[in-house]
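The values are calculated or read from the model by the stated rules, or taken from the named source; none is laboratory data. These numbers were taken from a predicted model, which means no experiment stands behind them. Cβ coordinates were reconstructed from backbone atoms using ideal geometry, including for glycine residues, and neighbour counts include every protein chain displayed. Heads up: the accessible areas ignore ligands, DNA and RNA and are worked out on the full protein's heavy atoms, side chains in. Shrake-Rupley method; radii C 1.70, N 1.55, O 1.52, S 1.80 Å.
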Amino acid sequence: MIEALVQLDPSGWMARFALVFARIFGMVFFLPIFGSEVLPVRMRLGLAIALALVMLPIVAPGIVLPHGVAGWVAVGARELAIGLGFGIAAKAIFAGIEAAAGLIAGQSGFALANMVDPFSGDQALAPALFQNMIVIALFLAADLHHLIIQAMRASYDVVPTAAALPDLSAFASIASNAGTRLFTIAATLAGPALIVTFSIDLLLAMVGRAMTQVPILLVGYPVKMAGGLLAMGLLATTTGAMLGWIGRTVVSDGMLIVNALAGGG
C-alpha cells in the first residue's frame, strides 16, 4: 500500500489526505478524550493530522477523488459527518457515565458541590468530575482508544469515500438512540449504588418514625454522605467491571451512526 501511495502525484496525495483528514478531524474534535478542552487546539489539530498521515497509506488506494466543486463539497460534508457521528456515539456514552454519578450525587447530598470540569470548561458536579476522570484513566490504561482508531480504519471498509451527501433523514433516529443509550448506561452503572442510597433513606425514615426524639436532619446528613462515598466506590467498581463493554459499545454505536449517515453511495 505504501508503494501505491508513493506512485501518486503530489496533487492526488494532498487531495486524498484532505479527505482522510476531514473524517479524522470530525472524530478527534468531538471525542470526549481526544477532543477535550484541556488539550490546546494546536495539540488536537496535530493529533488529527498525525492520525490522518498514519491512516493515509492504508486507505488511500480505495479513495476515488470527486470531480467538480459540487462533488468536493458533497464528499467533504459526508466525511466530516461520519467523523462527527462517531464522536457523538462516544459522547453519549461518556455522558451516560457522568449522569450515573449525577444520580448518586442527587441522592447523597453531593449535588451541592460544583467544580470546573477541565475537560469541558463547564461547571460539573464533583462526583461526576471524579467519575469522568476515573473512566478516562481506565479507558486509556486499557488501550481502548486504540479500539476507536481501529474502528475508524474499519469505517472505510463499511462506508468508503463517495460523492454522496450524508443521509440527514436518519438524524431523528440517531438522536433517539443516543438518548436511550445515555439513559440505559446511567441506570445500569448507578443501579447498585442507588440501592445503597435508597436503603439508607429507608433506614433513616424507619429510625425517625420509631425514635421521634432523634434529630434525623442532623444525624441523617453525615450518614447519607458516608453512604454516598460508599455508593461512589460501588460506581467506580461497576464502571471498571464494565469497561470492556463500554469500549465495545462506543465502537458499535459509532458504526451504527456511520451507517445511518452514509447516504447513497
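Would you pick out the residues in the stretch 36-85 that are assigned to a loop (DSSP other than H, G, I, E, B) and farther than 30 Å from ALA137 by Cα?
Result: ILE63, VAL64, LEU65, PRO66, HIS67.
How many residues does the stretch 57-84 contain that are open to solvent by less than 60 Å² (accessible area, probe 1.4 Å), small (Gly, Ala, Ser) and over 28 Å from the mean Cα position of the chain (by Cα)?
3
Which one of these does ALA163 not meet: (1) assigned to a helix (DSSP H, G or I); (2) at pLDDT below 70; (3) of a type in the set (A, V, I, L, M)?
Unmet condition: (1).
Please enumerate the residues belonging to the stretch 192-246 that are small (Gly, Ala, Ser) and either exposed (fewer than 13 other Cβ atoms within 10 Å of the Cβ) or free of Cβ contacts under 8 Å to residues at least 24 places away in the same chain (or both).
Passing the criteria: SER199, ALA205, GLY208, ALA210, GLY220, ALA226, GLY233, ALA241, GLY244.
Between a first residue in the stretch 10-30 that is under 11 Å from MET55 (Cβ atoms) and a second residue that is part of a helix (DSSP H, G or I) and open to solvent by 20 Å² or more (accessible area, probe 1.4 Å), which pairs have beta carbons less than 6 Å apart while being 6 or more apart in sequence or on different chains?
ILE24/LEU51
Which residue is most open to solvent (accessible area, probe 1.4 Å), if the candidates are limited to the stretch 139-160 and must be modelled with pLDDT of 75 or more and either assigned to a loop (DSSP other than H, G, I, E, B) or among the aromatic types (Phe, Trp, Tyr) (or both)?
ASP143
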